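The values are calculated or read from the model by the stated rules, or taken from the named source; none is laboratory data. These numbers come from a predicted model, not from an experiment. Glycine also receives a Cβ, built like all others from the backbone with ideal geometry; neighbour counts cover every protein chain displayed. Just the protein is used for accessible areas: all its heavy atoms, side chains included, with ligands, DNA and RNA removed. Shrake-Rupley method; radii C 1.70, N 1.55, O 1.52, S 1.80 Å.
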Amino acid sequence: MSFKTTVATLCAFGALALSAGDMPVYMDSSQPLEARVQDALGRLTIEEKVALIHAQSKFSSPGVARLGIPELWCTDGPHGIRPEVFWDEWSQAGWTNDSCTAFPALTCLAATWNPDMSALYGKSIGEEAHYREKDVLLGPGVNIYRTPLNGRNFEYMGEDPYLASVMVVPYIKGVQSNGVATCVKHYALNNQEQRRHTTDVDLSDRALYEIYLPAFKAAVQDGGTWSIMSSYNLYKGRHVCQNPRLLKDILRDEWGFDGAVISDWGGVHDTEQAIDGGLDLEFGSWTNGLSEGKKRAYDSYHLADPYLALIRQGKVDTKELDAKASNVLRLIFRTAMNQSKPFGSMNSPEHLAAARRIGGEGIVLLKNEGGILPLDVNGKKKIAVIGENAIKPMTVGGGSSSLKARHEVSPLEGMKKRFGNDVEIVYARGYAGEQRKEHDGMKLLDLTDSRTPEELIAEAVDVARDADYVVFFGGLNKNPHQDCEDSDREGLGLPYGQDAVIVALAKANKNLVVVNISGNAVAMPWVKDVPAIVQGWFIGSEAGNAIADVLSGDVNPSGKLPFTFPARLEDVGAHAIGEYPGNKDALAASKQWGDTIPEYYHDDIYVGYRYADKAKTTPLFPFGHGLSYTTFHYGNIDLDRKPISPDGRLRLTVPVTNTGNRTGAETVQLYISDEKSSLPRPLKELKGFKKVVLRPGETKVVVFDIDCSALRYYDDRIHEWVCEPGKFTALVGASSRDIRGKADFKVE
Ligand code: BGC
């Protein structure tokens, strides 16, 4: 019996054996949470409090066995439940019962623009976490997509604070309805992986509040997350895990967060700063396995013996310790000691169906010239499937989000299952990326191919030439310097010479479909030569099925891009006017890897489409873009044009009609433009969206209520949100660059 089960059993017996009057308050779930926390706190010794606030293994903290307060078990996150690792190491423990459902990466979830999908995702992954006896799911991630080079964008929800805020909330509620906490990450300003431990971010308060914080704030205030992960980077000279401005002033005082702040693994550097900086629970210090760390490493954690020593020497008092222990107790009561948890489940048919449905709804049809999609196999003989990403498992790799999926349907398998009875499916590799042999101690599928690029292209062209359709699966993968933690991409282009393969295929066969598998924007120099392009994301267990659903038309695509595909890197604010990957002079002067590098976000609030609008660039594909196999007509906007007061609200309606011959879903987007303001503002900002399903010929009226929250900006001179009187324009569109109607109104 595990310690956890023993304690849980003790709790249950305790509850049975004691009469209601005898039961300690902290054990009695009918008592108010705060009373339980205070009661437990009063029973703890200083040593027990200190033990509560740091790890005892890679992913667990010890609880208090003497009082029947169980261990707290964390797991990555955010796309599935990570396989078990050894007590002190990252290597997988080789269990045989820890294979999970891999859900689509969060970029794909964000691309559904559908909060119901987010709720389904949260509920399903929460059930898997609960089944595996985990108390804290290390996710979701909501760092804003500032540059397409960030290796971890695939784990996040795109470039827009409003979209990420709306999508994160149902995920949290769904997970937590299982008695499992979300740990929303990486708070805050962890917008790149390169030098993630040493980048010292600085930016205006305006950019902080308008762009980088809203999704975290929504996670706290609307989602009610029970924990939050402080990030590796520094902010204004101090590591975020020890940063009182972010962890105390903003998170606790401004937003009223009552959960626990958990450090990113190995993110704590200094005991005194960690004590007064607002951190509650320290994980992962000396993260490379205890063999490379200190002896008795957990006792040596900053919030362990060094903290106790400071208390015993009278150098710090126990006020902060009580606050930290209370926050951790609250987290344990909400999760590990939650007596009303539903049952969990793992790999259920429902979870696989959810993964497939979310995947299908998130896939984005970027281009479909001549209506080549959906593939019509009537009377056809052959589909050529080309590309390494048609066969490469994508649930493994990428860093801490790597999974051991019980199964993963590859795109090639999905194509064979869906079309193989009607036509011949032939496969050619086309290109070969670098192959990794193992991951976290586990052997990987061997895809080594010793042929030259020319030989691979020649074979692909040969296979493609007489096919009725050619479907190329390429993009990025989960290797370092691609969509992968701890490194950034080295450029916007596709790796492994894929551009040459695509150009050769386009010449050989005009019926070419390119499916880009990635969590990031990529350059497409061949965009004009390829009639159909699909953004296929990392979809997880059901990837091949979800993609075949869309290519066949069984699912009518309705995903929209949660970030801009820039035509060039220079069209991205961070690269054009900001600093990345750090201040140039500091980088040049840096002598060693561990040097702190300042990075000022001169791009300010001009992130994603906000910069594209300001610089008047034409993106390859704009934010919010996504096509369907049907067409939609937007009717006239109706808007109450009476001037409104700053605390009033205004109703905008727009009828949308399905003008094609298939049922389809359209995401109607509302952007607001402030015509004149005291501070410069983006040309427009997303402030609402609604996804509607329409049968052929059907019309639905989409309703938006516009209030002050959609009109205001953050004035950092007075540290306040301001809704300024004046003229505004409401823009309704199918993407940020496909505006179908406008109406202006006044605030008085
Ligand atoms: C990552 C976190 C992750 C943690 C535990 C860190 O390296 O940044 O996102 O949850 O490891 O695996």
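Indicate the gyration tensor shape class of the range 482-625 (rounded, prolate or oblate), computed on the Cα atoms with a ≥ b ≥ c the square roots of the eigenvalues: a/c under 1.5 is rounded; otherwise a/b larger than b/c is prolate and the rest oblate. Prolate is the answer for the range 482-625, as a/c is 1.5 or above and a/b outweighs b/c. Take the Cβ atoms of LYS507 and GLU89, set R0 to 41 Å, and the FRET efficiency comes out at 0.25. Taking every Cα-Cα distance in the range 430-550 and sorting them into 5 Å bins from zero, the calculated P(r) comes out as 2, 10, 18, 21, 22, 17, 6, 2, 1 percent. Each part gets one Cα centre, and for the range 193-212 versus the range 403-425 those centres are 42 Å apart.
Calculation over all alpha carbon pairs of the range 571-707 in 10 angstrom steps from 0 returns a P(r) of 10, 26, 26, 20, 10, 6, 1 percent.
Of the residues ILE332, ASN150, GLY277, the one whose Cα sits farthest toward the positive end of the charge dipole of the chain, with +1 on the Cβ of Lys and Arg and -1 on the Cβ of Asp and Glu, is ASN150. Per-residue accessible area (protein heavy atoms, 1.4 Å probe) orders SER340, SER678 as SER340, SER678, starting from the largest. Peptides 425-438, 54-67 ordered by packing proxy, namely the average of other Cβ atoms within 10 Å per residue, highest first: 54-67, 425-438. Using +1 at the Cβ of each Lys and Arg and -1 at the Cβ of each Asp and Glu in the range 370-519, identify which of LEU476, VAL463, THR395 lies farthest towards the dipole's positive end. Looking along the dipole axis, the top candidate is VAL463. Solvent-accessible area of the chain (1.4 angstrom probe, protein heavy atoms only): carbon and sulfur portion equals 51 percent. Considering the range 417-496 at the alpha-carbon level, its Rg and Dmax are found to be 15.6, 44 Å.
The 3J(HN,Hα) values that the Karplus relation (6.51, -1.76, 1.60; θ = phi - 60°) gives for the range 194-203 are, in residue order, 4, 6, 5, 8, 10, 7, 9, 7, 9, 6 Hz. Gly and Pro appear as x. For the chain, the orientation-averaged shadow of the C-alpha convex hull comes to 33.5 nm² (one quarter of the hull surface).
Between LYS676 and ALA615, the simple spin-label model (points 7 angstrom out along Cα→Cβ) gives 3.0 nm. When both the range 307-351 and the range 589-604 are represented by their alpha-carbon centers, they are found 35 Å apart. Here the sum of -39500 (n - 2.57) over DSSP H runs of 4 or more residues, divided by the residues of the chain, equals -7500 deg cm²/dmol at 222 nm, to the nearest 500. Mean separation of Cα pairs under 8 Å and 6 or more residues apart, divided by the residue count, gives the range 100-209 a relative contact order of 34 percent. Database remark: amide H of ALA260 closer than 5 angstrom to the amide H of SER227, ILE228 (H placed geometrically; neighbours at sequence offset of 5 or more, or on other chains; Pro and chain starts carry no H). Coupling constants for the range 136-149 follow from the phi torsions by the Karplus curve (6.51 cos²θ - 1.76 cosθ + 1.60, θ = phi - 60°), and in residue order they are 10, 9, 7, x, x, x, 10, 5, 6, 6, 8, 9, x, 8 Hz; glycine and proline get x.
The alpha carbon centroids of the range 120-160 and the range 681-734 are separated by 26 Å.
Shape summary of the range 496-560, radius of gyration then Dmax from alpha carbon positions: 12.6, 33 Å. Based on Cα contacts under 8 Å between residues 6+ apart, the chain shows a relative contact order of 14 percent. Taking all protein chains into account, the per residue accessible area for the range 434-586 stands at 37 Å² (1.4 Å probe). The angle between the Cα long axis of helix 3-17 and the main principal axis of the chain comes to about 60°, on a 0 to 90 degree scale.
Across the cross-link table entries LYS173/LYS642; LYS528/LYS584; LYS236/LYS560; LYS217/LYS392; LYS616/LYS690; LYS236/LYS691, which are compared at the Cα atoms, the separations over 30 Å belong to LYS173/LYS642; LYS528/LYS584; LYS236/LYS560; LYS217/LYS392; LYS236/LYS691. Within the straight-line cut-off of under 19 Å between alpha carbons, the aspartates and glutamates reachable from LYS614 are GLU159, ASP160, GLU210, GLU570, ASP571, GLU579, ASP603, ASP604, ASP674, GLU675, GLU685, ASP738, sequence neighbours fewer than 8 places apart in one chain being disregarded.
Altogether, the Stokes-Einstein calculation at 20 °C and 1.002 mPa s, with the Kirkwood radius of the range 374-437 over Cα pairs as Rh, returns a diffusion coefficient of 158 µm²/s.
Rounded to the nearest 20, the Cβ-based charge dipole of the chain about its Cα centre (Lys and Arg +1, Asp and Glu -1) stands at 1240 debye. Less than 5 angstrom separates the built amide H of ASP483 from those of ASN477, all sequence-distant by 5 or more or on a different chain. Convex hull volume of the C-alpha atoms in the range 23-113, normalised per residue: 174 Å³.
Would you mind getting the accessible area per residue of the range 227-375, heavy atoms of the protein chains only, 1.4 Å probe, in Å²?
36 Å²
For the range 482-569, the dipole from Cβ point charges (+1 on Lys and Arg, -1 on Asp and Glu) about the Cα centre works out to 540 debye, to the nearest 20. Kirkwood Rh, Cα Rg: Rg to Rh for the range 339-483? Radius of gyration over Kirkwood radius for the range 339-483 works out to 1.02. Positive end of the charge dipole of the range 496-622 (Lys, Arg +1 and Asp, Glu -1 on Cβ, about the Cα centre): tell me which of TYR606, PHE621, ALA574 has its Cα farthest that way. Final value for the positive-end residue is PHE621. Under a model in which nothing but the beta-carbon of Lys, Arg (+1) and Asp, Glu (-1) is charged, the range 323-408 shows a dipole of about 300 debye around its Cα centre.
Near VAL702, the amide H atoms lying under 5 Å from its own belong to VAL654, VAL656; only residues 5 or more places off or on other chains count, and H is placed 1.01 Å from N. Annotation note: trypsin sites (Lys or Arg not before Pro) in the range 320-406 located in DSSP loop regions with a Cβ neighbour count of at most 11 within 10 Å are LYS381.
Solvent-accessible area per residue in the range 89-157 equals 21 Å², computed with a 1.4 angstrom probe and all protein chains kept.
The tail of the calculated P(r) for the range 178-315, taken as Cα-Cα distances beyond 24 Å, holds 31 percent of the pairs. Convex hull volume of the Cα atoms of the range 27-75, normalised per residue: 83 Å³. Couplings 3J(HN,Hα) for the range 375-386, derived from phi with the Karplus relation 6.51 cos²θ - 1.76 cosθ + 1.60 (θ = phi - 60°), are 5, 10, 8, 4, x, 9, 10, 8, 10, 9, 9, 10 Hz, where x marks Gly and Pro.
With respect to the chain, whose longest principal axis is taken over its alpha-carbon atoms, helix 161-176 is tilted by about 60°.
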